[in-house]
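What follows is calculated from the coordinates using simple rules that are stated; it is not laboratory data. Computed from a predicted structure; not experimentally measured. We place every Cβ from the backbone using ideal geometry, glycine too, and count neighbours over all the protein chains shown.
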Amino acid sequence: MACSNGCKNYPNMFKPMTIRGKTYKNRVIAAPITANRIVDHGYPTPEGIDAYETKSRGGFAQVTVTESFVDHEYAWRHEHGLNVWDNPMTTIHMESIMTLTEAIKAHGAIASVQLNHVGAMNHPDTIPGHKNPIGPSAFVREDGVQVEEMTKEQIEYTINQFAEAAWNCKALGFDGINLHGGHGWLLNQFLSPRFNKRTDEYGGSMENRARMSVQICDKIREVCGEDFIIEYRMSGSERIEGGQTLEEGIEFAKIIQHHVDLIHVTSGFYQDHVNTKAFSSMFDKHGCNLDLAEAIKKNVDVPVIAVGGFNAPDQIEEAIASGKCDFVAMGRQTFADPAFVNKTLVGLEEEIAPCLRCSCFNPLASNPEERPIPELWHCAVNPMTGRELRWRNAPRPTGSRNVLVIGGGISGLYAAATAAERGHKVTLVEKTDKLGGQLWFTEIDTHKESLLRFRDSVIARCKRLGVDIKLNTEADEALLEKMSPDAVICAVGSHPFVPPIKGIEENASHALYGYTHPDEVKGKKVVIIGGGAIGCETGYFFASEWGADVTVLEALPQMMKDSFPSQKAALFPRMDKIGMKLYNSVKIEEITASGVKYADADGKAQNADADLVLYACGSRSNTDITDKLKGVIPWYVVTGDAKIARTVKMATYEGFCAAMDIL
């Protein structure tokens, strides 16, 4: 077969490799990651099967099912894992797991599952009978939970449980397993000097600390045979004081390589997943753990997998071509675009929706004193994620409709692309000379390069699908009556809210003004009124990239109340390191030509000197436009910020839903 565009442009990414008689058709692996309704009481749901099959259908060489646990007593921490600890011949739901593995392998992917034991990080509430968790050594955790030291009998039992779980996986159709030896879980705890204080043959030297992992791998090989793939996931470094270092990671890799088929290099630990790069943030470079993978690859003879914020084909090609790794694993990117590999293969790279590395996996909690607000795991750039089966079964259009989309922001663009994909004839009108709405600033803010690529990916889809894009065209009643569309999606966005503060009109501008006036920002004193995500993130860019002396004033008791915990965990240490000054619970009195007068949290009068004052106090929907056009066409839907000013995720989702409803 002739080589495709993808093979020619990314020869290393698409070079096959055979391990244990199984051929990886390319070098891109779907890493284990949890999502909505993947598992119900230990068994895959129809939604879960569909979600994993979607990744396989999208071209990944291996699809790895989310972490599953080797027993239901000390090992497990949540209900999302498959029940692989019970003998499949004695359970009534083994067919559902076999259906899952069959679905993954149907499209040429290798089927794998991650096996884990959380050890000392478990919680008594999770353990039947509410016993203390176990680990390599006894200690009292910061939360007051007593961890018990594992006896040798418990170690032997756990080794056997890993092997039995691996056998069950093989019996149910998996080609191999991914042993989780990183992120602060049990196997990592035995390696880490933070946890392992033992003085017997399982503590002390690296050979001793590695002993349990080696014995588990050898037992799995003994039980599962020579045709079963063993992949070991390790933290190349824990990236924390007193934890496992890269030097120790290399020493361990030299030992474990003789007992496994692949080494999967991650970093950090789950309890501080953002700052230790177990989950990278938008402020980390792509391939943020590649340095660890490279160091380990130089010292081992088995293939090495790198993971950590990869979201573009050129990143993968460069990583492999340079010899730093043999494979790249993607986690959240498989949510953003499960067709990532196939789009690359057929030359549609510009249409890949890149992962923004935001917060698809975090519940929202305003502060530690408030109860968490649960949210489903959804993706900002892919409305299908977590809803695959439901939307796949949505009604098909009964005919091709004439659809008018008003507004070329992200909600309008996504609506237009979706409607065109469903066979409708779509016209998009935008009153300015540029598509993307408020995302224009991503062309300047280098921290938002993935968001810029997302905007461009939707524009590329619209153009390929034949959407008739009319710039410098304002929609009014006359235009709607002239075009007489069957359906109208109104996505005219929002405008910044200007709070009623004395002097704001004369002496302040919206935060985005700073991007277009760099001479007023670079090296200057900048005061930003409003400490939400926009205020803090723009302030951080101005401070870190343009050298501004930034002060942020927030009326609420906390900064970034509208942000997820992982976003805060990523940004707060960086803002502190760069020297930004953050003040909560303030009351702005007046904005003058030389700064801002305000009352601090104690009610004392303060003055913040400024060369430039900016505000980021939320937005308000352009209801004057949406109300004016309502009623002209019967099928009329308002989406995105034009409905309620919120996030990119909601703008994308509502544009998608509106287009899907046109039948």
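Things to note:
- Assigned charges on the beta-carbon of Lys, Arg, Asp, Glu; the range 5-351 dipole about Cα centre (debye): 620 debye
- The range 504-617 - percent relative contact order, Cα under 8 Å, separation 6 or more: 35 percent
- Alpha-carbon centroids, the range 247-282 and the range 85-108: separation in whole Å: 29 Å
- Greater than 26 Å apart at Cα, pairs in Lys285/Lys525; Lys524/Lys597; Lys463/Lys649: Lys285/Lys525
- A crude spin-label estimate for the pair Glu148 and Val498, with each label 7 Å from Cα along the Cβ direction, gives 6.7 nm.
- Model label points for Ser205 and Glu589, set 7 angstrom from Cα along the Cα-to-Cβ axis, are 7.1 nm apart.
- DSSP beta bridges in the chain [antiparallel fraction, %, rounded to 5]: 25 percent
- Distance from the alpha carbon centroid of the range 185-215 to that of the range 467-521 works out to 59 angstrom.
- Remark: the Ala555-Lys15 segment gains 188.9 nm on full extension, using 0.36 nm per residue and subtracting the alpha carbon distance.
- Here's the list of aspartates and glutamates a cross-link from Lys482 could span, going by alpha-carbon distance under 18 Å and ignoring same-chain residues fewer than 8 apart: Glu430, Asp468, Glu474.
- The relative contact order of the range 256-401 comes to 17 percent, based on Cα pairs under 8 Å that sit 6 or more residues apart.
- Taking 0.36 nm per residue of separation and subtracting the Cα-Cα distance, full extension of the segment from Asp519 to Ser322 would add 67.0 nm.
- Prolate/oblate/rounded label for the range 180-239 (Cα gyration tensor, a/c 1.5): oblate
- DSSP bridge orientation in the range 504-617 - percent antiparallel, rounded to nearest 5: 40 percent
- Considering only Leu663, Ile229, Ala51, the residue lying farthest towards the positive end of the dipole of the chain is Leu663, judged by Cα position with unit charges set on Cβ.
- With a simple spin-label model that places each label point 7 Å from the Cα along the Cα-to-Cβ direction, the separation between Ala106 and His72 comes to 2.8 nm.
- In plain terms, the chain from Arg392 to Thr90 could stretch by 105.4 nm, reckoned as 0.36 nm per residue minus the Cα-Cα distance.
- Dipole magnitude for the chain: computed about the Cα centre from +1 point charges on Lys and Arg Cβ and -1 point charges on Asp and Glu Cβ, it is near 1160 debye.
- Lysines whose Cα lies under 18 Å from that of Lys219, excluding same-chain neighbours fewer than 8 positions away: Lys152, Lys170
- Among (1) 223; (2) 172; (3) 143, the entry that matches volume of the Cα convex hull per residue in Å³ as calculated here: (2)
- Three-way shape label, the range 504-617, alpha-carbon gyration tensor, a/c 1.5: oblate
- Cβ-defined net charge surrounding Glu164, 15 Å radius [Lys, Arg +1; Asp, Glu -1]: -3
- Neighbour-count ranking [beta-carbon atoms within 10 angstrom, fewest first] of Met483, Met121: Met483, Met121
- Mean ellipticity per residue at 222 nm, deg cm²/dmol - from DSSP H runs of n ≥ 4 across the chain, formula -39500 (n - 2.57): -9000 deg cm²/dmol
- Near-label residues of the range 623-663 by backbone N, under 19 Å of a point 7 Å along Cα→Cβ of Ser400: 659-663
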